[in-house]
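Everything on this sheet refers to the single structure shown next.
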Amino acid sequence: MKLAGQTLVVTGAGSGIGRAIALRFAQAGARVVIGELREEAGRQAAGEIVATGGEALAVPTDVTDAQSVKRLFAAADERGWDVDMLITNAGTAEPSLLATAEVSDDRWAGQIAVHLTGTFHCVREALSRMTQRKQGSIVTIASVAGLNGLPGSTAYSAAKGGIISMTKALSQEVAPQGIRVNCIAPGWINTPMLEYLPEKWRPGMITHTPLGRLGEPADVAALALFLASSDSDFVTGQVVSPNGGMFRW
């Protein structure tokens, strides 16, 4: 299998895109270490992999907490699993659309903490291992909101835009060490996060998507597999947006 003997660390893999990524990589032969804030959801995802003959481990993880992220990677170390791939998928939707003038400090800080700082915490731990071996692949997960902006969701858009910039800078920094870093910026994907958006938006989501449908988590997982694997050995510093051809909100 393509990823036999390799280890993936993926955060936010209890549902949605993260879960699809964990399952897809396991099918390709990877050992999967799941970092998930919701402990039971993480165990269920890992259990599904193990039930089909794969190797997986779930570790309760809060990506906003540097020590919690250290414990996630330490769990891989304890099993003797060298970290070959990292996908920073953990995230949270804003509970509602809100004019920027009304955004509280807590709401702003929360989005930055989960998405941008959480990505940094995970990347830092991965690099401390990958640089020693002079190999590895990191895929960050942003959003079209980080490319186009999402009205009423300034904090989320800013955090995702920060991930995109981080990816571009980091890819140049670590390329000489044999480490690749790319970013996926999905469009409208059929996950529980869409439940936070106004119902009246849903027809427009599809209308403005030329392929005429919402994306599915499997669509993103397939791209993540390409970017993380040796199939994309000459690809780094790229932002790829699986969005069905969407050109505006």
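The values are calculated or read from the model by the stated rules, or taken from the named source; none is laboratory data. Computed from a prediction, not measured in an experiment: that's the story for all the values here. When we count neighbours, we look across all protein chains shown, and the Cβ atoms used for this are built from the backbone with ideal geometry, even at glycine. Protein only, heavy atoms only, side chains kept; ligands, DNA and RNA dropped before computing areas. Shrake-Rupley method; radii C 1.70, N 1.55, O 1.52, S 1.80 Å.
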Net charge of Cβ neighbours under 15 Å - reference Ala46; Lys, Arg +1; Asp, Glu -1 = +1
Order of exposure, largest accessible area first, which applies to Met193, Met166, Met246, Met1 with probe 1.4 Å = Met1, Met193, Met166, Met246
Angle, helix 16-27 long axis vs. longest principal axis of the chain, Cα atoms, 0 to 90°, nearest 10?
-> 30 degrees
What does the charge add up to near Ala93, with Lys and Arg as +1, Asp and Glu as -1, over the other residues with Cβ less than 13 Å from its Cβ?
-> 0
Pop out the ³J(HN,Hα) list for segment 99-106 in order, Karplus 6.51 cos²θ - 1.76 cosθ + 1.60 with θ = phi - 60°, rounded to Hz; leave Gly and Pro as x.
-> 4, 4, 4, 9, 6, 7, 4, 5
Per residue of the chain, what 222 nm ellipticity follows from adding -39500 (n - 2.57) for every DSSP H run with n ≥ 4, rounded to the nearest 500?
-> -13000 deg cm²/dmol
Cα shape, segment 53-153, gyration tensor, a/c 1.5 rule = prolate
Take the alpha carbon atoms of segment 219-249, find their center, do the same for segment 24-80, and report the distance between the two centers in whole angstrom.
-> 23 Å
Among Pro203, Gly244, Ser230, the residue whose Cα sits farthest towards the positive end of the charge dipole of segment 193-249 (+1 at Cβ of Lys and Arg, -1 at Cβ of Asp and Glu, taken about the Cα centre) is Pro203
Please identify the longest segment of the chain free of exposed trypsin sites (Lys or Arg not before Pro), where exposed means a DSSP state other than H, G, I, E or B and no more than 15 other Cβ atoms within 10 Å.
-> 135-212
Which order do Asp77, Asp105 take by accessible area at a 1.4 Å probe, largest first?
-> Asp105, Asp77
Scan around Val181 for amide H atoms under 5 Å from its own, H built in the peptide plane at 1.01 Å from N, and keep only partners 5 or more places away or cross-chain.
-> Ile138, Gly237
With DNA, RNA and ligands ignored, accessible area of Ile206 (1.4 Å probe; Å², nearest 10) | 70 Å²
Taking the alpha-carbon centroid of each part, what is the distance from segment 6-22 to segment 131-163 in angstrom?
-> 16 Å
Average Cα contact separation per residue, the chain, under 8 Å, 6 or more apart, as relative contact order % = 19 percent
With Cα coordinates, the longest principal axis of the chain makes an angle with the long axis of helix 118-133, in degrees rounded to 10, of 30 degrees
Would you mind calculating the gained length between Glu39 and Gln177 on full extension (0.36 nm times residue separation, minus the Cα-Cα distance), in nm to one decimal?
-> 46.2 nm
Report, in debye and to the nearest 20, how large the dipole of the chain comes out about its Cα centre when Lys and Arg carry +1 and Asp and Glu carry -1 on their Cβ.
-> 480 debye
Rg/Rh (Cα only; Kirkwood hydrodynamic radius) as it applies to the chain | 0.95
Total charge dipole magnitude, segment 65-151, about the Cα centre, Cβ charges on Lys, Arg, Asp, Glu only, Debye to nearest 20 | 400 debye
In degrees, nearest 10, the alpha-carbon axis of helix 217-228 is tilted away from the dominant principal axis of the alpha carbons of the chain by 50 degrees
Full extension from Met1 to Trp201: what is 0.36 nm times the residue separation minus their Cα-Cα distance, to one decimal in nm?
-> 67.9 nm
Who wins for biggest fluctuation among Phe234, Phe226, Phe120 in a Gaussian network model of the chain, springs between alpha carbons below 10 Å?
-> Phe234
Space enclosed by the convex hull of the alpha-carbon atoms of segment 160-249, per residue, Å³ | 104 Å³
Expressed as a whole-number percentage, the relative contact order of segment 141-249 with C-alpha contacts under 8 angstrom and at least six residues apart is 34 percent
Once both labels are modelled 7 Å past Cα along the beta-carbon direction, what's the Ser128-Ser165 spacing in nm?
-> 2.6 nm
When the dipole is taken about the Cα centre of segment 69-216, and only Lys, Arg (+1) and Asp, Glu (-1) are charged at their Cβ, what size is it in debye, to the nearest 20?
-> 380 debye
Ratio for segment 1-46, C-alpha Rg to 2.2 N^0.38 Å, reads 1.05
Anyone know which of Thr11, Thr207, Thr88 comes out most mobile in the 10 Å Cα GNM of the chain?
-> Thr207
Connecting every pair of Cα atoms under 10 Å apart in the chain and solving the GNM, the largest mean-square fluctuation among Val235, Val59, Val181 falls on Val235
